[in-house]
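Taking it in order: structure first as structure tokens, then the write-up.
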Amino acid sequence: MKKISLFILITCSMFAFGQKVSDFQYISVPPKFQSFKQDYGLTAMLTKTLKSKNYTVVASDKLQWPAEAQANPCNVLMADVVNESGLLRNKVLLQFKDCNDKIIFSVKGASSIKEFEEGFQDALKQTLASVSTSSPVVQTTVANTAAITTPSVTETKENANSVSSGNNAVKLSNGKVDVMKVQLDSNQFILVDSNSSSPYATFKATTKSDVFRVKLQNGEATLGYYENGNIVIEMPKATGEYSKETFLKK
């Protein structure tokens, strides 16, 4: 069928310190999109196109993810295609969510092709044109600044054991969690959960004295700073606001 007209409305929603889809390597694609009665070949089309853009497409079942993705689920985006059709056009909404269920990118596409399968695929093709090729960052970035490197569990334990064997161990607590501060180098330190020896938060120096970029255990990025000798983390809340979490020396 000859196309009468095409149009695309692109709306991009950027959250979490400007993260982009191209920052990620892994994208999870479900076996079926919930708002469609049939698949119409959309799953295969999305998967094929993402792979052509150098993304690694994984299943929705986390048990089937590669070990690297299972170790840090926040390195995986969740893809979804939503049916937003009207009376005259087949319309779709392509969106990607992060590990906190926040939409970091969304784009709408529409086609005047009336047949469902061809029309939906045409609309999806338009949205995929706005998805950049994967150029993953290993760390979470804050604004346009340097990345925060999270040490492996093995490195964390080695550093923790090294510090605790000397006299430089600094134990802190927020009243709920006991941690130990481990200095990795002059510009970076971590708070290690005393119960699991895993990183509770990773701190990297900024250009401002005593202010740090922080990567939390769940992959979220935020800020931290020294206040009256204590360590403060601005903890993100589901509402988009922040709470103040203070760690005092024990």
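Values in this text are rule-based calculations from the coordinates and carry no lab data. Bear in mind the structure is a predicted one, so any value in this text is a computation, not a measurement. Positions of Cβ are generated from backbone atoms using ideal geometry, with glycine treated the same way; all protein chains shown enter the neighbour counts.
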Over the alpha-carbon set of the stretch 171-250, work out the extent along each principal axis and list the three values in angstrom, largest first.
30, 29, 25
Which ³J(HN,Hα) values in Hz, rounded to whole numbers, follow from the phi angles of the stretch 177-189 under the Karplus curve 6.51 cos²θ - 1.76 cosθ + 1.60, where θ = phi - 60° and Gly and Pro get x?
10, 9, 10, 10, 7, 10, 7, 7, 7, 5, 10, 8, 9
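Ranked highest first by average number of other Cβ atoms within 10 Å, how do 72-78, 85-91 line up?
Working: 72-78: 19.3, 85-91: 14.1.
Sorting 72-78, 85-91 by mean packing, highest first, produces 72-78, 85-91.
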Pairs beyond 24 Å (Cα-Cα), from Lys20/Lys215; Lys125/Lys215; Lys176/Lys215:
Lys125/Lys215
Could you tell me the distance between the Cα centroids of the stretch 196-234 and the stretch 57-113, to the nearest Å?
30 Å
What is the spin-label model distance, in nm, from Lys208 to Asn228 if the labels are put 7 Å beyond Cα along the C-beta direction?
2.0 nm
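Order these peptides, 180-192, 48-60, by their mean beta-carbon neighbour count within 10 angstrom, highest first.
Values: 180-192: 18.2, 48-60: 15.5.
Highest mean packing first, the order is 180-192, 48-60.
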